[in-house]
Amino acid sequence: MQTWKDYQKQVPDNHFFYVRSCIRQSFFPGAEVAFLRIMQEYLKKDVFEDKRHTTCTGIGYHSDIIPLETIMTVVARQLALMTEAGYKNLLVSCVTSFGIYLEILDMWHHFPDKLAQTREALWRATRREFEVPQVVVHASDAIYHFRDELFNMAQYSLVNQETGQPLNGVEHVGCHYAKIFPQKGFGGAEFPTVLTGIIESWGGRVVDYPERRHCCGFGFRHYLVQANRGYSVSNSKVKFESMAPYNPDFILTNCPGCNMFLDRWQYTLSEINGVTYDRDGRGIPVLTFEEAAGLVLGFDPWVLGLQMHQVGVESLLDKMGVRYSAKTKYYLGNKNEVKPEKPSVLMV
Amino acid sequence: MQPVIEQMRADIRFQEGLTACMNCGVCTAICPAAGYYDYDPRKICQLVQTGDEDILTELLSGEEIWMCGQCLSCKTRCPRNNTPGYIIQVIRKISQQTGLFVNSRLGRQQLLIKRKIGHSILETGYCVHPKLVNPEEHPEQGPVWNWVYENGESLFPQLGSNYYKPGEGGVRLIDETSLDELRNIFEETGAVKLFEQIEKASASKAKELNLSFSADADNEYMKFIQE
């Protein structure tokens, strides 16, 4: 009998239409660049991006200022660009967008009138037409799909170079990856394997901490409105307290928003409570799956953009044996080097 | 005006989100918002299932409907395939369309979101972009983000980003034709109308409270709703 634990989704081997993430390109721009480089240069895949694509409006939709009919039509416009370019496999950088695309395709399937109305609205607004995609793939699905092939090209692994032991990784898969449509994510919502498979294939050990499936606390309107951010930080705190006893070497994330929160809230909590969730006062490094892939393949950490993380990644780099220059971390081209101020608690 | 329950039933998310809730409370047990706020999605389903106009009108005016964080953990766990998170989306929509959202503190914040995220989408083509995340409004981002924010022109291109320039890549300047198409979609599908409804109801509330109100952020009502 097939169980969720063994559940595998289909990922095409080639020809993808890529749509970016507002949050990932703002906070982790090197991650998207690395992903495209890995797909195109290392794996020799055809990945096409149309510069005319926009936000899917998902953050606005989940904070209730964007009507359903509007987001459906914006999504339809992205699909029209994909159709015009001759692609059928949609490759999505953002977990919120991934959930949005799946949800809208599901609604169109259940309510064909809504699909017809969307086609009409898109035509009136843009004179464009679209086909629904054959497959919707999250970018992490692609890395998971090609994980063994990538590891054959690896320069480093998720193994402690001093002890020879696997590094301990905790993962956070992000609510909208598989909680909305479990059958569309590797391992479903209960046993998500998209990140654990990557960690284990690259030599690491996965720690199944109790609050692994708990939300990072984005809460859309709760983070967007400054007065509500206590909601967001409180939920991340639940996760940190749950994972800390296992002394993880790193956190691996799927969703760009989750990555940002799990990084930044460690700083915020250290300033509020004077605590960090590691033993050395440096915090737990947080990586996106693209950043992890880049490191394993030997990308320079500062070309990957890891200097944009508030929690320093050097403890992980040292354990992996990654060669890097501490001096060039905050290099800014021709400008005089200006370093970020040091936090009062979190050691950097 | 149609009864509230009929307005709800007209939305396909309500049809998908509420089939036959037996009030078991699994949604509340798994809900991150229930762990933080005095919020209970089980109760929301119970109240909606009464179909009572007075109860539903009170719900549209209240704080509770704005507490859900839209993680949709409830969708995974409901043994009857209900999705309280979808029901919340529908209730919030009607609360804004009817103007009742201004009767709650959390509801009034919709004006902030409309002016921040809504305007960003129409002006840039992004919900969020680096220059929108001003360190003064985001102290939680920490000193590294301050450094990124101050040095974006140098840093982002080093990482392969286009950073507000025309062409391809991350954080690129999205062309005017594409933005016009986005604006046409907003006009065609009701987003512009919703934006106007949020502004109009907020202006009325400001007048009722005798607070100044304007299109920019420098007014008493905007300060009031940020508290």
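Is it true that B:Ile185 is within 7 Å of chain A (Cβ to nearest Cβ) and in a loop (DSSP other than H, G, I, E, B)?
Values: within 7 Å of chain A (Cβ to nearest Cβ): yes; in a loop (DSSP other than H, G, I, E, B): no.
Considered against the rule, which asks whether it is within 7 Å of chain A (Cβ to nearest Cβ) and in a loop (DSSP other than H, G, I, E, B), B:Ile185 comes out as no.
Quick check on my filter: what residues within region B:146-182 are over 14 Å from A:Arg52 (Cβ atoms), more than 7 Å from every other protein chain (Cβ to nearest Cβ), of a type outside the set (Asp, Glu) and in a helix (DSSP H, G or I)? Break it down stepwise before answering.
Our first condition is that a residue be over 14 Å from A:Arg52 (Cβ atoms); within region B:146-182, this holds for B:146-161, B:163-165, B:170-171.
Imposing the further condition that a residue be more than 7 Å from every other protein chain (Cβ to nearest Cβ) reduces the set to B:149-150, B:152-153, B:157, B:163-165.
Okay, now just the ones that are also of a type outside the set (Asp, Glu), so B:149, B:152, B:157, B:163-165.
Once the filter is applied, which keeps residues that are over 14 Å from A:Arg52 (Cβ atoms), more than 7 Å from every other protein chain (Cβ to nearest Cβ), of a type outside the set (Asp, Glu) and in a helix (DSSP H, G or I), region B:146-182 yields B:Tyr149, B:Gly152, B:Pro157.
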Exercise for review: Could you list all residues from region B:147-182 that are out of contact with any helix residue (DSSP H, G or I) (no Cβ under 6 Å at 6 or more places or on another chain) and within 30 Å of B:Gly99 (Cα to Cα)?
Suggested key: B:Leu179, B:Asp180, B:Leu182
Exercise for review: Specify which of the listed residues (A:Pro192, A:Pro210) is surrounded by fewer than 18 Cβ atoms within 10 Å (Cβ to Cβ) and more than 8 Å from chain B (Cβ to nearest Cβ).
Suggested key: A:Pro210
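Does A:Arg119 satisfy being part of a loop (DSSP other than H, G, I, E, B) and modelled with pLDDT of 95 or more?
Working: part of a loop (DSSP other than H, G, I, E, B): no; modelled with pLDDT of 95 or more: yes.
Spelling it out, it is not the case that A:Arg119 is part of a loop (DSSP other than H, G, I, E, B) and modelled with pLDDT of 95 or more.
A quick yes/no check of all residues on (1) within 27 Å of the chain's Cα centre (by Cα); (2) within 30 Å of B:Cys68 (Cβ to Cβ); (3) aliphatic (A, V, I, L, M):
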| site | (1), (2), (3) |
| --- | --- |
| A:Thr57 | yes, yes, no |
| A:Thr70 | yes, yes, no |
| A:Val74 | yes, yes, yes |
| A:Tyr87 | yes, no, no |
Study note, to complete from the structure: Quick count over region A:64-105, residues being more than 28 Å from A:Ala31 (Cβ to Cβ), of a type outside the set (A, V, I, L, M, F, W, C) and either touching a Leu at 6+ places or on another chain (Cβ under 7 Å) or surrounded by fewer than 24 Cβ atoms within 10 Å (Cβ to Cβ) (or both), is 3
Review point. Among the residues of region A:324-345, is there at least one that is surrounded by fewer than 23 Cβ atoms within 10 Å (Cβ to Cβ), among the aromatic types (Phe, Trp, Tyr) and closer than 26 Å to A:Gly203 by Cα?
Key: yes
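With the structure loaded, tell me whether A:Thr73 is touching a Ser or Thr at 6+ places or on another chain (Cβ under 8 Å) and among the β-branched types (Val, Ile, Thr) or whether it fails that test.
Working: touching a Ser or Thr at 6+ places or on another chain (Cβ under 8 Å): yes; among the β-branched types (Val, Ile, Thr): yes.
Yes.
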Revision key, fill the gap. Quick count over region B:15-29, residues being assigned to a loop (DSSP other than H, G, I, E, B) and among the small types (Gly, Ala, Ser), is 2
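Which one is surrounded by the fewest Cβ atoms within 10 Å (Cβ to Cβ), of the residues in region B:72-83 that are more than 8 Å from every other protein chain (Cβ to nearest Cβ) and among the hydrophobic types (A, V, I, L, M, F, W, C)? Show your work before the answer.
Quick first cut of region B:72-83, residues more than 8 Å from every other protein chain (Cβ to nearest Cβ) only: B:74, B:77-83.
Then drop every residue that is not among the hydrophobic types (A, V, I, L, M, F, W, C), which leaves B:74, B:78.
Numbers: B:Cys74: 28, B:Cys78: 21.
Ranking the candidates gives B:Cys78 first.
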Practice item. Could you tell me whether A:His53 is within 21 Å of A:Glu129 (Cβ to Cβ), touching a Leu at 6+ places or on another chain (Cβ under 6 Å), surrounded by fewer than 24 Cβ atoms within 10 Å (Cβ to Cβ) and outside the structural domain of A:Ala293 (by TED's automatic domain parsing)? Key: yes
Check your understanding: For A:Tyr87, all conditions in the list (1) facing chain B (nearest Cβ under 9 Å); (2) assigned to a loop (DSSP other than H, G, I, E, B); (3) of a type in the set (Ser, Thr, Tyr) hold save one; what is the number of the exception?
Key -> (1)
Check your understanding: If we only count helices (runs of 4 or more DSSP H) wholly inside region B:30-71, which ones have 3 or more residues that are modelled with pLDDT of 95 or more and either within 14 Å of chain A (Cβ to nearest Cβ) or in contact with a His (Cβ under 6 Å, 6 or more places away or on another chain) (or both)?
Key -> B:32-36
**Study point:** Matching residues in region A:59-96 - criterion: being within 21 Å of A:Asp46 (Cβ to Cβ), in contact (Cβ under 8 Å) with a residue 60 or more places away in the chain and of a type in the set (S, T, N, Q)
**Key:** A:Asn89, A:Ser93
Exercise for review: For B:Ala217, work out the one condition from (1) without any contact (Cβ under 8 Å) to a residue 40 or more places away in the chain; (2) over 17 Å from A:Asp50 (Cα atoms); (3) part of a loop (DSSP other than H, G, I, E, B) it doesn't fulfil.
Suggested key: (1)
Revision key, fill the gap. Counting only residues in region B:1-14 that are assigned to a helix (DSSP H, G or I) and touching a residue at least 12 places away in the same chain (Cβ under 8 Å), the one nearest to the other protein chains (Cβ to nearest Cβ) is identified as B:Arg13
Check your understanding: Can you pull out the residues in region B:188-214 that are small (Gly, Ala, Ser), without any contact (Cβ under 8 Å) to a residue 12 or more places away in the chain and facing another protein chain (nearest Cβ under 9 Å)?
Key -> B:Gly190
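Within region A:315-342, track down each residue that is in contact (Cβ under 8 Å) with a residue 24 or more places away in the chain and away from every other protein chain (no Cβ under 11 Å). Steps first, answer last, please.
Initially, region A:315-342 is screened for residues in contact (Cβ under 8 Å) with a residue 24 or more places away in the chain, giving A:315-316, A:319-322, A:324, A:328-329, A:331.
Once the filter is applied, which keeps residues that are in contact (Cβ under 8 Å) with a residue 24 or more places away in the chain and away from every other protein chain (no Cβ under 11 Å), region A:315-342 yields A:Ser315, A:Leu316, A:Lys319, A:Met320, A:Gly321, A:Val322, A:Tyr324.
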Point to revise | Subset tally (residues that are free of Cβ contacts under 8 Å to residues at least 60 places away in the same chain and surrounded by fewer than 20 Cβ atoms within 10 Å (Cβ to Cβ)) for region B:15-36 | key: 8
Review point. Which ones in region A:249-276 are touching a Leu at 6+ places or on another chain (Cβ under 8 Å), more than 10 Å from chain B (Cβ to nearest Cβ) and not hydrophobic (A, V, I, L, M, F, W, C)?
Key: A:Asp249, A:Thr253, A:Asn254, A:Asn259, A:Thr276
Practice item. Output the residues belonging to region B:124-145 that are more than 7 Å from chain A (Cβ to nearest Cβ) and either more than 17 Å from A:Pro256 (Cα to Cα) or not hydrophobic (A, V, I, L, M, F, W, C) (or both). Key: B:Thr124, B:Lys131, B:Asn134, B:Pro135, B:Glu136, B:His138, B:Pro139
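The values are calculated or read from the model by the stated rules, or taken from the named source; none is laboratory data. Worth saying up front: this structure is predicted, and the values here are computed from it rather than measured. With ideal geometry, Cβ positions are generated from the backbone for all residues, glycine too; neighbour counts draw on all protein chains shown.
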